[in-house]
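Quick notes on the structure that follows.
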Amino acid sequence: MKTNKTLWIAGAALSVCGSSFAASDTVGLTGTIAQVVTIDIANSSTSVTMTNNTTTSENMSVDANVPFTITVATADNELTMANGAGDEVTYAFSVKDASSNEILASLGSANHNEVDATWTYNVTPSGIDGSTDAGTYTDTVTVTVAAQ
Amino acid sequence: MCVAILAVLPRTYAASSETIILPRTYAASSETIILQLIGTISKSVSIVFDSSTIDLGDLTQHTAVDFTIVSNTEYIITTPTTGILTNEYGGTLGFTTATNNGKLTITPNTIGPDQPLGTYSANIEVTISAI
């Protein structure tokens, strides 16, 4: 025997009057941008004009999305270019921004906020006179940028 | 009239999934560059006499004048070993030169009794050349 039953439910919550069912949820989006500190130069070798108080400048790109420290160092902790025969030429080294504001005046470290810019490093020899031996003078400078 | 019908519906699970936007991978948080600085100083030499004129007096004795050489390389100095002094009338008197320790010494030849009177003069060019 077949019996049909109809259940009548009164109430608003489940009462649907002529509309379809719907469900919703919320998705949360999260993402992480890693800290970035980079430095880049066009040429690793810089040809320095060996004239007193004449500055040779080269560009370097610095990108950082966090505060960072820039450090300039040399192997002997001196700013001298040597010719391999014991002769040396002293030079000044600085890092400046596009407005010629000094970021770093010499060897050592400086802190800086986030940046996306092209800076310059500048080499200025001094103390060259007629007795400064002719020849090729070199030095190696290490520039490091590191997130704080 | 509003009719509510209970239907057996599948349970709808909420879409509680999460979408993560992956960060772009950049370089490390520090970087180091090496700058190689290279400069060349060319060879240069110069010579300057302390005085532009040497007064040889009565031409009977040698006279020396100092000069200064500035050089950043090896060099050769070239000086005429002999020369001729000439007076305003064309009379001549020979001399010899020597260089030593930054000095140029001029020694007139012996003056004979027939040496014309007058004021004698000459120029000496001393050259240094980078090797």
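The values are calculated or read from the model by the stated rules, or taken from the named source; none is laboratory data. All values reported here derive from a predicted model rather than from experimental measurement. Neighbour counts run over all protein chains shown; Cβ positions are idealised from the backbone, glycine included. Side chains included, ligands, DNA and RNA excluded: accessible areas come from the protein's heavy atoms. Shrake-Rupley method; radii C 1.70, N 1.55, O 1.52, S 1.80 Å.
Points worth noting:
- The residues in region A:43-92 that are more than 18 Å from A:S106 (Cβ to Cβ), assigned to a loop (DSSP other than H, G, I, E, B) and among the hydrophobic types (A, V, I, L, M, F, W, C) can be counted, and the count is 3.
- Yes/no for A:D139 being open to solvent by less than 30 Å² (accessible area, probe 1.4 Å) and either within 7 Å of chain B (Cβ to nearest Cβ) or outside any strand (DSSP E or B) (or both): yes
- For region B:43-72, residues that are in a loop (DSSP other than H, G, I, E, B), among the hydroxyl-bearing types (S, T, Y) and surrounded by 15 or more Cβ atoms within 10 Å (Cβ to Cβ) total 1.
- Considering each residue of region A:16-33 in turn, at least one proves to be at the interface with chain B (Cβ under 8 Å from one of its Cβ atoms) and either modelled with pLDDT under 60 or on the phi > 0 side of the Ramachandran plot (or both).
- When B:K43, B:K103 are checked against the criterion of being within 14 Å of chain A (Cβ to nearest Cβ), over 30 Å from A:V145 (Cβ atoms) and not hydrophobic (A, V, I, L, M, F, W, C), B:K43 stands alone in meeting it.
- Sole residue being hydroxyl-bearing (S, T, Y), within 30 Å of A:T120 (Cβ to Cβ), at pLDDT below 95 and part of a strand (DSSP E or B), chosen from B:T32, B:T99: B:T32
- Test result for A:S131, within 12 Å of chain B (Cβ to nearest Cβ), open to solvent by 20 Å² or more (accessible area, probe 1.4 Å) and outside any strand (DSSP E or B): yes
- Residues of region A:105-128 classified as open to solvent by less than 40 Å² (accessible area, probe 1.4 Å), within 13 Å of another protein chain (Cβ to nearest Cβ), part of a strand (DSSP E or B) and not hydroxyl-bearing (S, T, Y), total: 4
- Filtered by the rule that a residue be open to solvent by less than 60 Å² (accessible area, probe 1.4 Å) and small (G, A, S), region A:25-44 gives A:G28, A:G31, A:A34.
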